[in-house]
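Accompanying notes for the structure given below.
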Amino acid sequence: MKHIFSVLGIAIMLSACSNNNAKEQELAKQQTVIAIKDSLKLDSFRRVEAIKVEDEKVAARVKEVSRTREEKRTLLLAERNDAAPAPRQYSETQTTTKKKGWSSAAKGAVIGAGAGALGGVLIDKKDGRGAIIGGLVGAGAGYLIGRDKDRKSGRVQPNN
């Protein structure tokens, strides 16, 4: 019976000791969690501060660049006003320069005539008649298409 009481007493003492140790460990865990959270908050505040400082540097650079551009612009405008040539006076005998080369109407007529003549030969088996009719029709169609291109490009002024 003495052995049972002694084993029971030892078991109670060990359970009591381990309970205090568990409370101390839980308290230590809570303190470390609190410390980690505080350090994360502090770290995030430091990051925010660093970002603000970087943003201020960028804003200062932007202001400096815009101020420099504005100064350059005013200098260029001042130079333009100082170096502006006198307005030109046109005489009545001035001639306009004409564009050189073939107009679109002429190109269209030549291409249309060639294509029409070839088509006329292929359609009408009599060589001379089909080529002549096809060439005339093709030249007329090519001229009209080329004349329209000339009007759109401004080479020919439309008749109103």
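The values are calculated or read from the model by the stated rules, or taken from the named source; none is laboratory data. Since the model is a prediction, treat every value here as computed from it, not as a measurement. Cβ coordinates were reconstructed from backbone atoms using ideal geometry, including for glycine residues, and neighbour counts include every protein chain displayed.
Condition test on VAL121, is it closer than 20 Å to ALA106 by Cα, among the aliphatic types (A, V, I, L, M) and either within 50 Å of the chain's Cα centre (by Cα) or part of a helix (DSSP H, G or I) (or both)? Break it down stepwise before answering.
Working: closer than 20 Å to ALA106 by Cα: no; among the aliphatic types (A, V, I, L, M): yes; either within 50 Å of the chain's Cα centre (by Cα) or part of a helix (DSSP H, G or I) (or both): yes.
Answer is no for this residue.
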Is it the case that GLY108 is surrounded by 10 or more Cβ atoms within 10 Å (Cβ to Cβ) and at pLDDT 90 or above? yes
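So in segment 121-158, with the set limited to residues that are β-branched (Val, Ile, Thr) and more than 17 Å from TRP102 (Cβ to Cβ), which one is modelled with the highest pLDDT?
Going residue by residue through segment 121-158, those that are β-branched (Val, Ile, Thr) are 121, 123, 132-133, 137, 145, 156.
Imposing the further condition that a residue be more than 17 Å from TRP102 (Cβ to Cβ) reduces the set to 121, 123, 132-133, 137.
Values: VAL121: 88, ILE123: 88, ILE132: 91, ILE133: 91, VAL137: 94.
Among them, the one singled out is VAL137.
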